[in-house]
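Please read the structure below before turning to the comments.
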Amino acid sequence: MSQISEWIDEGRYVDAIAAFESLSENERAAALDDGLCAYLKLAKTLAKDLYPRLTAVDSVELSRVHDLFAKACELKPADPGALEGLAGAYSHLARIATGQDALGWLHAAMEHYRRAMDAAPNQAAAAFGYGTTWLRIARASEGEARDEALTECRRGLELAIQLRPNDANVFSNLGLALMEIARLDGGNGKRDLIEMSLRLYERADEAKPDSFGNLMNWAIALRERAKFTDGPDQAVYLQKASEIYETLDRTRPQDGATLSGWALVLSDLSKCLPDEERRIMEERTIEKFAEADAVQPERWQTLNNWGGTLQTLSRRQVGEERIATLRVASERFEQSDRLNPNHAQTLYFWGQTLDDLGRILTGEEQLDCFRLADQKCAASDRLAPDNEDNLFCWGTVLDDLGKRQDGDEKIRYLKSACEKFAQADRLRPDQWPTQLNWGLALDRLGTASNGAKAAATFREAASKFMSADRLRPKDVKTHRSWGLVLRKLGSVSLGEARQGPYRLSVAKYEEAEALRPNDHDLLANLGHSLRCLAECLKKPERGDLYRRAQEKIEAAIALAPEIAEHHRDLGHCFYSQAMRSRSALRRQCLLSAEAAFQRTIELDDRDGHAYYLYGRALRSMASLSTSNERVSQLERALSYLQSAELRGKDSAVQIIAVLTHLRRPDEARRALEHCQEQGAILHRLILLKEVGPVAVLLNPWLRHYGRPSKR
């Protein structure tokens, strides 16, 4: 035996290498196998100590390991062990690098694993390394490059299983690879990929029971599989996952990742339980997150999942309890973002939580929540463009902001919301929530517009509700929203064109009523649409529609007698019928309208529209009264119209008309002077056939704006 061989047997690898390097060229050729063995033994010894504890500060030691394996490859370029060892060194260099540097090392590792596979086709370790390296490349790639990486990953790991059919590590890593393929590019086959992963994790556990890494991956896959089912079957997967986490906790107590994952499973499991058991499970879930945070503080994954669980929990709460839960959830996302900035999913969930919180708060605090949510969704979109979930969330945030703005700012936000819903729909078509919320945003945008633009927007909104109804038939919210937007479309249409939208609106509300018979809001809205339809029809059909409208609104009042708006709708229905009836019925309807408006104001004295309609009803009653009563009625009408103006309801036209009929021209002129659109107001007065007295009393303005035709 040579001296070099003896030193190798004694573990004196450095001495063996020195001896080999001191040989002449011919002697080195004769001792090539010993020299190769010395380099590989030293490299593997150093790697065995270094790899488990590797950090960026160990780069010098890692370079030495790399150089030893590289030297071995120089001695025998086709040696599988040398190629595999050098590939492993490149793989570990990638772990302490970032960006393109890391990707470059991974590609170098993959190439050397490939060469090792070519040199020794039956070597399972090289195939395994090849597959796992491609998996890491896939995580750092996009598009076609990612697809190629996932394909090669699967090929390498499946080959490793063929070569080593009872290797738990190979089974577990192939399961992990399939889960990664499902996550990155699962498509419609995602569930099947997860099922395959579960079988592989189970086989890995049979080959090597209670392996911590395999059990952890198995539990994660079980939770993912549970998402594809519901009811008892879902609970079975989650219960199995919970049992595995319990085993992990016994194997390695006080592990933050275990406790955090366990908490997530318990959170999902709570949703499958009856109310009382659910509440207990939710409390246990929060305790697990707190425990995970206590044993491993400032772990961003724990904080992120904790925030998400609190957000989900808040949806079953109300009032101050819900506000408190959402505030804590927002704090957890903020902590997670501080520890791991620029994580797209954290920002998306944070934005969603802030939007939920904003909907409960009021005033500036509410707007601050919505504005911050807008910022988080925008930041998430910059990091991960074309994420349909974030785009949908962003659309709802912009819609919420648009609801609370006026003028051009309102339109700007609502248009942006519609753009986000359109993007989300393009990326993931035919989703009921997207179609519904898109329709609601278009409805609000149409309400903020006027004329032909409003009509076109309402039609587009109606088409979204039609799509929502196709995707989820017999949904009350869809039919309610659809009925409302059709009524708005009727209100901006002209002549007989109003009838079609109003009839459809009535039909949608009737369908909604059939689904939910005792909903007071639906009944009141059905009555409202019946009244609008009655107003644009001729006498024979009109009377029955008014009767049906009144019955529906009275049924709504019986169910919810303290809702002021229902009483106002009833008063409006009676007033509308009065304006289209002969004297005897007119008086009766006006008296009923007055009683309804009086009750509205008793319940809500801030309702400017009720004051306005009450003033108009009193003015109409004055036309049926004696001369002595007429002045009193007009004075009362004026008082209610002025109250309406103070409450934000534009009543200038009616106020000026009443002042004119009360023979108070100076006050009428002053009222007109305070109006910005004086010509438009005079035009309205003329259309209302107030031409006679107005022409005399407001002559200067009429001369300026032009007299009406005498036809």
**Complete:** For region 22-130, the percent of all C-alpha pairs falling in each 10 Å bin, from 0 up to the bin holding the max distance, is 16, 43, 31, 9, 1
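Quick one: which of Lys488/Lys539; Lys410/Lys649; Lys48/Lys288; Lys488/Lys552; Lys190/Lys240; Lys453/Lys508 span more than 28 angstrom between C-alpha atoms?
Checking Cα-Cα distances, Lys48/Lys288 exceed 28 Å.
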**Request:** Determine, for each peptide in 646-653, 78-85, the mean count of other beta carbons within 10 angstrom over its residues, then list the peptides with the highest first.
**Result:** 78-85, 646-653
**Sequence-separation-based contact order of the chain, relative, with Cα cut under 8 Å and 6+ spacing, percent** = 3
**Request:** Would you tell me the accessible area of Trp482, worked out with a 1.4 angstrom probe on the heavy atoms of the protein chains, in Å² to the nearest 10?
**Result:** 20
**Request:** Can you tell me which of 448-460, 154-166 comes out highest on packing, and rank the rest after it, using the mean Cβ neighbours within 10 Å?
**Result:** 154-166, 448-460
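When N is the residue count of region 296-345, what does its C-alpha Rg come to as a fraction of 2.2 N^0.38 Å?
That works out to 1.16 for region 296-345.
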**Complete:** Quick calc, Asp544 & Glu144: beta-carbon distance into FRET formula, R0 41 Å, rounding 0.05, result 0.05
**Prompt:** Using a Förster distance of 30 Å, how high is the FRET efficiency between Glu496 and Glu551, based on the Cβ-Cβ distance and rounded to 0.05?
**Reply:** 0.70
**Complete:** Per its Cα gyration tensor (rounded if a/c is under 1.5, else prolate when a/b beats b/c, else oblate), the chain is best filed as prolate
**Request:** Mind listing the long-range amide H neighbours of Arg664? Cut-off is under 5 Å, sequence gap 5 or more, other chains count too, H placed in the peptide plane at 1.01 Å from N.
**Result:** none
**Prompt:** Contour minus end-to-end for Arg359 and Arg338, with contour as 0.36 nm per residue of separation and end-to-end as the Cα-Cα distance?
**Reply:** 5.0 nm
**Prompt:** Does region 153-236 come out rounded, prolate or oblate, given a ≥ b ≥ c as the square roots of the eigenvalues of its C-alpha gyration tensor, rounded meaning a/c under 1.5 and, failing that, prolate meaning a/b above b/c?
**Reply:** oblate
**Prompt:** With all pairs of different alpha carbon atoms counted, what Kirkwood hydrodynamic radius in Å does region 557-685 show?
**Reply:** 15.0
**Prompt:** What is the gain in length, in nm to one decimal, between Asp666 and Ile280 on full extension, counting 0.36 nm per residue of separation less the C-alpha to C-alpha distance?
**Reply:** 131.7 nm
**Request:** Using label points projected 7 Å from each Cα along Cα→Cβ, tell me how many nm separate Glu74 and Asp406, to one decimal.
**Result:** 8.0
**Accessible-area ranking of Val476, Val57, Val492, largest first, probe 1.4 Å** = Val57, Val492, Val476
**Item:** At R0 = 35 Å, FRET efficiency that the Cβ-Cβ distance of Asp604 and Ala384 yields, to 0.05
**Value:** 0.15
**Prompt:** How would you order 267-277, 351-361, 196-206, 610-620 from highest to lowest mean count of nearby Cβ atoms within 10 Å?
**Reply:** 610-620, 351-361, 196-206, 267-277
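The values are calculated or read from the model by the stated rules, or taken from the named source; none is laboratory data. Worth saying up front: this structure is predicted, and the values here are computed from it rather than measured. So basically every Cβ, Gly included, is an ideal-geometry build from the backbone, and we count neighbours across all protein chains shown. Just the protein is used for accessible areas: all its heavy atoms, side chains included, with ligands, DNA and RNA removed. Shrake-Rupley method; radii C 1.70, N 1.55, O 1.52, S 1.80 Å.
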